[in-house]
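Accompanying notes for the structure given below.
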Amino acid sequence: MWGHVERVHPDGGAVAAAIRSAARLARPSVPPVPNYKLSMSVPEWLQAIQTYMKMLHYLTNGQPSVERFPISFKTHFSGNYFHHVVLGIYCNGRYGSLGMSRRSDLMDKPLTYRTLSDLIFEFEDSYKKYLHSVKKVKIGLYVPHEPHSFQPIEWKQLVLNVSKMMRTEVRKELEKFARDMRMKILKPSSAHSPMKDRSRGKSLSPRRRQASPQRRACRRDKSPAVVDKKGDLATLNEVGYQLRI
């Protein structure tokens, strides 16, 4: 923002410096990042993270021009798989992200990327620095700005098996999805059918005689995922997670 002021204002950087150094302006409060302790249980740690997110909600929730959507990565390293979620940001024709990570280049990205694919490829290149290979990328829909909305967060409207795709294919799918999101023509899965009537991988239409073709490397996953670990879900529901950042 300040760089834009320096470019368009006649007085350039002098105006930006005068405003930013003004003593009379109140400094925005920044909540402290929660510290993990070995004595904390998983629900306690997740509750601390959710409390931190609620304290940050004023950053974007009250700004309708700032769109937020979840981006998740599945990576492989040393025989193990890892999952990481960041908050994608779209504003004024630029993409960026907010997140939490031990690596500075795997969380916050500035609003400088012209396309969604540029942002995703930047993350992929950052993972390569730590010898992680990205296997899947999942992108959800825009998170509502209504703080009391009961609409569930759509975590994976688009699922890409990027390890089996060329970058040109990935870019094509991402740009089509980003265009549809900007035009607000994509709807959450809950708007198509009740959650209890539909499960992942099952169709409500009559069965076809011929076997369905093999799934493509990339797909839009419009049905909610079935949670197999009932015990884990019950534990998480004790603190009631539903972030509105």
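FYI, it's all coordinate maths here, none of it is from the lab. This structure is a prediction, so every number in the text was calculated from the model and none was measured. Don't worry about glycine lacking a Cβ; one is built from the backbone with ideal geometry, like all the others, and counts go over all protein chains shown.
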Filter the trypsin sites (Lys or Arg not before Pro) in the stretch 32-111 down to the DSSP loop ones having no more than 16 other Cβ atoms within 10 Å, then list what survives.
-> 37, 102, 103
Loop only per DSSP, at most 16 neighbouring Cβ atoms within 10 Å: give me the chymotrypsin sites (Phe, Trp or Tyr not before Pro) in the stretch 136-187, ordered by residue number.
-> 150
Per residue, what volume in Å³ does the convex hull of the Cα atoms of the stretch 31-83 enclose?
-> 122 Å³
Scalar couplings 3J(HN,Hα) for the stretch 84-97 by Karplus 6.51 cos²θ - 1.76 cosθ + 1.60 (θ = phi - 60°), nearest whole Hz, x for Gly and Pro, are 9, 10, 10, 9, x, 10, 10, 7, 6, x, 10, 10, x, 7
What number comes out for the charge environment of residue 117, summing +1 per Lys or Arg and -1 per Asp or Glu over other residues with Cβ under 12 Å away?
-> 0
Using alpha-carbon positions, the gyration tensor of the stretch 91-182 gives root eigenvalues a ≥ b ≥ c; with a/c under 1.5 called rounded, otherwise prolate if a/b exceeds b/c, else oblate, the class is prolate
Computed about the Cα centre, the charge dipole of the stretch 38-138 from +1 Lys/Arg and -1 Asp/Glu charges at the Cβ has a magnitude in debye, to the nearest 20, of 180 debye
Rounded to whole Å and ordered largest first, report the semi-axes of the equivalent ellipsoid of the stretch 45-137 derived from its Cα gyration tensor (root of 5λ).
-> 24, 18, 10
